[in-house]
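The values are calculated or read from the model by the stated rules, or taken from the named source; none is laboratory data. Remember, predicted model here, so these are calculated numbers, not experimental data. Please note: Cβ atoms are built from the backbone with ideal geometry, for glycine as well, and neighbour counts cover all protein chains shown.
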Amino acid sequence: MKKYSVPKNFQSSVGYNTFDNYQSLREKAKQDSNSYWESVAKRIDWFDKWTTVNNSDYSKAHIEWFSNGKLNASYNCIDRHIENGLGEKIALIWQSNDPTISKNVSYNDLLEKVSLFANGLKRAGIKKGDRVCIYMQMIPEAIVAMLACARIGAVHSVVFGAFSSDALKNRINDSECKLLITQDNGVRGLKFDIPMKENADKIADDCPSLKTVVMVERSGNEMFMKEGRDITWNQFIDGCSSKCPAEVMDAEDPLFILYTSGSTGKPKGVMHTTGGYLVYTSHTHELVFDYHQDDVYWCTADIGWITGHSYIVYGPLSNAVTQVIFEGVPNYPDFGRFWQIVEQHKVNVFYTAPTALRALMKEGDDWVTKYDLSSLKVLGTVGEPIKSPEWHWYFNVIGNEQCPIVDTWWQTETGGILMSPIPGCVPTKPGSATLPLPGIIPAILDEEGNEITERNTTGYLVMIQSWPGQMRTVYGDHQRFIDTYFSQAPGNYFTGDGAYIDEDGYFWITGRVDDVLNVSGHRIGTAEVEGAIGAASGVAEAAVIGYSHEIKGEGIYAFVTLMTGVEASAEIEQDILSTVTKIIGPHAKPSVIQFCSGLPKTRSGKIMRRILKKIAQNETDDLGDTSTLADPSVIDSLLEK
Ligand code: WTA
C-alpha cells in the first residue's frame with residue numbers, strides 16, 4: 001500500500017512537523033502516562049485542581065480521572081474565552097438550509113443565550129443531576145441548550161432528530177428526563193416541515209417523568225401547545241436574567257448521556273463525565289485538526305451523534321473555535337452545497353463522513369471545481385472506514401493534494417478520537433487510521449485473549465489502558481457496562497471492532513465483530529431492526545445482515561419469514577418499512593427485503609448469520625460448513641430467490 005507523505009507545503013500550527021516529534025510525544029506519554037495527562041489537563045480551566053490524575057482500574061471496570069478536580073464545561077467553552085478578550089470572536093456561523101441565510105453568534109452572544117436559557121431551566125425546577133432531553137435539528141439553540149444544561153449541572157441526553165417518536169419515548173423514559181427541548185419543525189433540504197414537535201406530542205403523555213416541553217419556533221408553523229406542559233423557547237426565557245454563574249462540578253459528575261446501539265435490542269445510555277471528557281475532546285480537537293486560533297472549522301456531523309458532541313460542541317468550543325454549523329444537507333439546493341459553503345466561509349478544517357464523500361463523488365467533479373477551495377488546510381473523516389476511491393477523490397479533488405487527510409477512528413464510548421494521523425507528522429495510507437494518539441495503547445487479541453503480534457493478522461481491537469475521555473458507565477445499568485466492554489477480554493477495554501496491524505505498525509479497522517451495523521456512518525443494532533420488523537403485521541421472524549453498499553458503506557438486508565397463511569406482497573413490504581420508520585427512524589430502513597420460507601438455524605435454534613451474510617453479499621459459491629443446520633433444505637429455498 002502506497003504511503004502518502006505529509007503534503008510539502010503543510011506547516012503545522014500546533015508545531016508537530018516531523019514524524020520524530022510525534023514519536024517522542026508518544027514515547028513521553030507511554031513512559032509516564034500520569035505526567036502526560038496532567039500536562040494535557042492544564043489546557044482547560046479548573047476551579048480546583050485534582051488530587052489524583054488516574055484512578056482507573058480495568059480489572060474492576062472502574063474509570064476515574066482527575067479525582068476531586070472541580071470545573072464547569074460551559075464555563076470552559078464560553079466564559080474563559082471572554083475573560084481572555086475573545087468575547088467578540090465569532091463562535092458559530094450558522095448556515096441555514098436556505099443558502100441565502102446565515103447568522104453569526106459571538107462568544108458574548110453565546111454567553112447571554114446560554115445564561116438566559118440556564119436560568120429558564122432553573123426556574124422550571126431543573127437541578128444539578130436532573131436529565132434533560134434535547135430533540136432538535138442543527139440550529140444554534142441546540143448548542144445553547146446543551147451548554148445551558150452543562151452550566152447548571154443538568155445531564156443532557158440528545159436524541160438524533162431523525163429518530164421516531166417511539167425511539168424518543170424509550171430514551172426519555174430510560175433516563176427519566178424531566179424536560180424536553182425540541183422545535184416546531186425541522187428544515188432540511190426539500191423537507192420544510194419535519195414534524196419534531198408533533199413527534200414529541202405523540203409520546204409526551206407516555207413519559208411519566210416529563211413535566212415540560214420547550215419548543216423553538218423554527219418554521220413558525222402553528223403548533224398544538226398543551227397547557228401547563230408546553231412552552232415556546234421565548235416564553236421560557238422571558239424575564240430571566242442574562243447572568244447565570246456556572247455550577248461547580250466535580251470532574252466525575254455526569255456531563256451527558258448519549259444512546260447508542262449495541263448487539264442486544266435496547267440501546268445503551270453511554271455516560272460521559274465532565275473533567276476527563278472535556279480535557280480529552282479539547283486536546284484531541286487541537287492535535288488532530290491542527291487547530292489554530294484564526295481557523296474556520298467545520299464538522300458536518302449532527303449533534304445527535306457523538307461526533308457532534310465532541311467535535312462541534314465540547315472540543316471546538318473549549319478551544320475558542322470559529323465554526324460553521326450547518327442545518328441542511330449536502331445535496332440541496334445542489335451537489336455543490338458543501339463546497340459552496342467552504343468557499344463562502346473560507347473554511348480551513350473540514351470534517352465529514354466517507355458516506356457523504358461517496359455520494360458527492362459520484363455526481364462528478366464539476367460541482368467541486370467551480371468553487372475556490374484554497375482555504376482548506378486539513379480534511380478529516382469519521383464514522384466508518386474510508387475506502388481508496390473516495391480517499392483519493394478527497395485528497396486530489398477537494399484538497400488539491402495540499403491537505404493531510406485525518407481518518408479518525410473512535411466510538412461513542414471512547415468520547416474522542418483514539419487513532420488518527422496527526423497532520424504534519426504522520427504519513428497517511430488510504431483506508432488506515434494509521435497510529436494511536438499519544439497516551440492510547442491498543443492491542444489486537446485472538447479468540448483466547450492472547451495478543452496477536454504477527455503483522456497483517458486480524459483480531460479483536462482492545463485498549464489496554466484507560467484515557468480521560470472514556471465512558472464511565474451505561475446509564476442505570478453498570479452491569480451491562482461490565483458485560484459489554486470488560487468481560488470478553490478481562491483487563492482490557494473491548495471495542496467491538498476487528499483490526500490488524502500492517503508491516504509499518506499502522507492499524508486497519510476491519511469493521512464490527514458484533515451484531516452492529518454501520519449504515520452511512522450511523523450505528524444500528526441488528527437486533528433493534530429485527531425487533532422492529534417483527535412488529536409489522538404478518539411477520540413471523542426476521543434476520544438482518546449488513547452487506548456492502550456503494551454509498552452507505554453498509555446496507556441493511558432483511559430476511560423475513562411470514563406467518564402461516566400470509567403471502568408475501570408489496571403491501572407487507574411497505575408495512576415493514578413504515579414499521580421500522582415508526583419504531584426506530586427512516587435511517588434504519590432495510591435496503592433489501594427477502595421473504596423466505598425459513599431461516600437457516602442450528603439444531604439449538606441459533607440463526608446462522610454467516611450463511612445469510614454470504615447470500616446477502618452474493619457469495620453463494622461457497623457457503624462454508626452447513627453441516628450443523630437443523631434443516632439443510634432451507635438453503636435451497638433461500639438461493640432460489
Ligand atoms: C466505526 C463514531 C473505520 C467503528 C465516532 C466503530 C470507524 C464505530 C471509523 C463507532 C474509522 C468509526 N474507520 N471504522 N475512521 N470511525 N468507525 O459510536 O466500527 O457512532 O466501532 O462513533 O464506527 O461508531 P459511533
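Do we find that Phe66 is within 27 Å of the chain's Cα centre (by Cα), within 26 Å of Ile422 (Cβ to Cβ) and either aromatic (Phe, Trp, Tyr) or outside any helix (DSSP H, G or I) (or both) in this structure? Spell out how you get there, then give the answer.
Values: within 27 Å of the chain's Cα centre (by Cα): yes; within 26 Å of Ile422 (Cβ to Cβ): yes; either aromatic (Phe, Trp, Tyr) or outside any helix (DSSP H, G or I) (or both): yes.
In short, yes.
Could you check His272 against (1) surrounded by fewer than 15 Cβ atoms within 10 Å (Cβ to Cβ); (2) touching a residue at least 24 places away in the same chain (Cβ under 8 Å) and say which number it fails?
All conditions are met except number (1).
With (1) over 17 Å from the mean Cα position of the chain (by Cα); (2) at pLDDT below 95 as the list, and Pro385 as the residue in question, which single condition is left unmet?
Only one criterion in (1) over 17 Å from the mean Cα position of the chain (by Cα); (2) at pLDDT below 95 is unmet by Pro385, namely (1).
Looking at (1) in a strand (DSSP E or B); (2) in contact with a His (Cβ under 6 Å, 6 or more places away or on another chain), find the lone condition where His587 falls short.
For His587, the failing item is (1).
Would you say Gly265 is modelled with pLDDT under 95, assigned to a loop (DSSP other than H, G, I, E, B) and more than 18 Å from the chain's Cα centre (by Cα)?
yes
Can you tell me which of Glu503, Glu528 is acidic (Asp, Glu) and buried (at least 19 other Cβ atoms within 10 Å of the Cβ)?
Glu528
Do you know which residues across region 149-173 are touching a Leu at 6+ places or on another chain (Cβ under 9 Å), part of a loop (DSSP other than H, G, I, E, B) and within 19 Å of Asp201 (Cβ to Cβ)?
Listed by number, the list holds a single entry, Val159.
Does Leu210 satisfy being under 21 Å from the mean Cα position of the chain (by Cα) and either farther than 28 Å from Phe326 by Cβ or part of a helix (DSSP H, G or I) (or both)?
It is false that Leu210 is under 21 Å from the mean Cα position of the chain (by Cα) and either farther than 28 Å from Phe326 by Cβ or part of a helix (DSSP H, G or I) (or both).
For region 373-389, state whether one or more residues are over 25 Å from Gly553 (Cα atoms), touching a Gly at 6+ places or on another chain (Cβ under 9 Å) and surrounded by fewer than 23 Cβ atoms within 10 Å (Cβ to Cβ).
Looking through region 373-389, at least one residue is over 25 Å from Gly553 (Cα atoms), touching a Gly at 6+ places or on another chain (Cβ under 9 Å) and surrounded by fewer than 23 Cβ atoms within 10 Å (Cβ to Cβ).
Which of the residues spanning region 411-444 are part of a loop (DSSP other than H, G, I, E, B), within 12 Å of the ligand (Cβ to nearest atom) and more than 15 Å from Gly380 (Cβ to Cβ)?
Correct list: Gln411, Gly415.
Every residue, every condition in (1) part of a loop (DSSP other than H, G, I, E, B); (2) under 29 Å from Ser219 (Cβ atoms); (3) of a type in the set (Gly, Ala, Ser), yes or no:
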position	(1), (2), (3)
Ile257	no, yes, no
His285	no, no, no
Gln323	no, yes, no
Asn331	yes, yes, no
Phe338	no, yes, no
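So in region 609-641, with the set limited to residues that are more than 36 Å from the chain's Cα centre (by Cα) and in a helix (DSSP H, G or I), which one is surrounded by the most Cβ atoms within 10 Å (Cβ to Cβ)?
The residue in question is Val634.
Please enumerate the residues belonging to region 396-422 that are crowded, with 22+ Cβ neighbours inside 10 Å and either among the basic types (Lys, Arg) or more than 27 Å from Asn21 (Cβ to Cβ) (or both).
Our first condition is that a residue be crowded, with 22+ Cβ neighbours inside 10 Å; within region 396-422, this holds for 398, 403-410, 413-422.
Once the filter is applied, which keeps residues that are crowded, with 22+ Cβ neighbours inside 10 Å and either among the basic types (Lys, Arg) or more than 27 Å from Asn21 (Cβ to Cβ) (or both), region 396-422 yields only Glu413.
Trp393 versus (1) surrounded by fewer than 24 Cβ atoms within 10 Å (Cβ to Cβ); (2) near the ligand (Cβ under 9 Å from one of its atoms): which is the lone unmet condition?
Going through the list (1) surrounded by fewer than 24 Cβ atoms within 10 Å (Cβ to Cβ); (2) near the ligand (Cβ under 9 Å from one of its atoms), Trp393 breaks only (2).
Do we have Ile398 as in contact (Cβ under 8 Å) with a residue 60 or more places away in the chain and in contact with a Phe, Trp or Tyr (Cβ under 9 Å, 6 or more places away or on another chain) here?
No, not satisfied.
Which residue pairs have Cβ atoms closer than 6 Å, lie 6 or more positions apart in sequence or on different chains, and pair a first residue in region 484-505 that is at positive phi with a second residue that is at pLDDT below 95 and surrounded by 13 or more Cβ atoms within 10 Å (Cβ to Cβ)?
Gly496/Arg512; Gly496/Asp514
What number of residues in region 369-390 are in a loop (DSSP other than H, G, I, E, B), within 16 Å of the ligand (Cβ to nearest atom) and not basic (Lys, Arg)?
The number of residues fulfilling the criteria is 4.
Within region 497-518, which residues are part of a strand (DSSP E or B) and at pLDDT 95 or above? So that I can check it myself, show each step before the final result.
So the first thing to find is which residues in region 497-518 are part of a strand (DSSP E or B), and the list is 497-501, 507-512, 516-518.
Residues satisfying the conditions are Asp497, Gly498, Ala499, Tyr500, Ile501, Phe507, Trp508, Ile509.
Quick one: count up the residues across region 465-491 that are among the hydrophobic types (A, V, I, L, M, F, W, C) and within 28 Å of Ser35 (Cβ to Cβ).
Qualifying residue count for the region: 4.
Residue by residue through region 348-391, note down the ones that are more than 21 Å from Asn518 (Cα to Cα), touching a residue at least 40 places away in the same chain (Cβ under 8 Å) and among the charged types (D, E, K, R).
Lys377
Restricting attention to region 126-148, does a residue exist that is of a type outside the set (A, V, I, L, M), assigned to a helix (DSSP H, G or I) and more than 20 Å from Ala301 (Cα to Cα)? If you could, list the steps in order and put the result at the bottom.
The initial filter retains those residues of region 126-148 that are of a type outside the set (A, V, I, L, M), namely 127-131, 133, 135, 137, 140-141.
Now drop any that are not assigned to a helix (DSSP H, G or I), which leaves 140-141.
Imposing the further condition that a residue be more than 20 Å from Ala301 (Cα to Cα) reduces the set to none.
No, every residue in region 126-148 fails to be of a type outside the set (A, V, I, L, M), assigned to a helix (DSSP H, G or I) and more than 20 Å from Ala301 (Cα to Cα).
Matching residues to (1) away from the ligand (no atom under 16 Å from the Cβ); (2) acidic (Asp, Glu):
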| position | (1), (2) |
| --- | --- |
| Ala499 | no, no |
| Asp515 | no, yes |
| Ala532 | yes, no |
| Ala536 | yes, no |
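Search region 304-338 for residues being of a type in the set (Phe, Trp, Tyr) and touching a Ser or Thr at 6+ places or on another chain (Cβ under 9 Å), and hand back the single one that is surrounded by the fewest Cβ atoms within 10 Å (Cβ to Cβ).
Trp305
Matching residues to (1) buried (at least 20 other Cβ atoms within 10 Å of the Cβ); (2) touching a Pro at 6+ places or on another chain (Cβ under 9 Å); (3) modelled with pLDDT of 95 or more; (4) not aromatic (Phe, Trp, Tyr):
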{"site": "Ala150", "(1), (2), (3), (4)": "yes, no, yes, yes"}
{"site": "Val159", "(1), (2), (3), (4)": "yes, no, yes, yes"}
{"site": "Lys169", "(1), (2), (3), (4)": "yes, no, yes, yes"}
{"site": "Leu180", "(1), (2), (3), (4)": "yes, no, yes, yes"}
{"site": "Gly186", "(1), (2), (3), (4)": "yes, yes, yes, yes"}
{"site": "Gly189", "(1), (2), (3), (4)": "no, yes, yes, yes"}
{"site": "Phe192", "(1), (2), (3), (4)": "no, no, no, no"}
{"site": "Glu198", "(1), (2), (3), (4)": "no, no, yes, yes"}
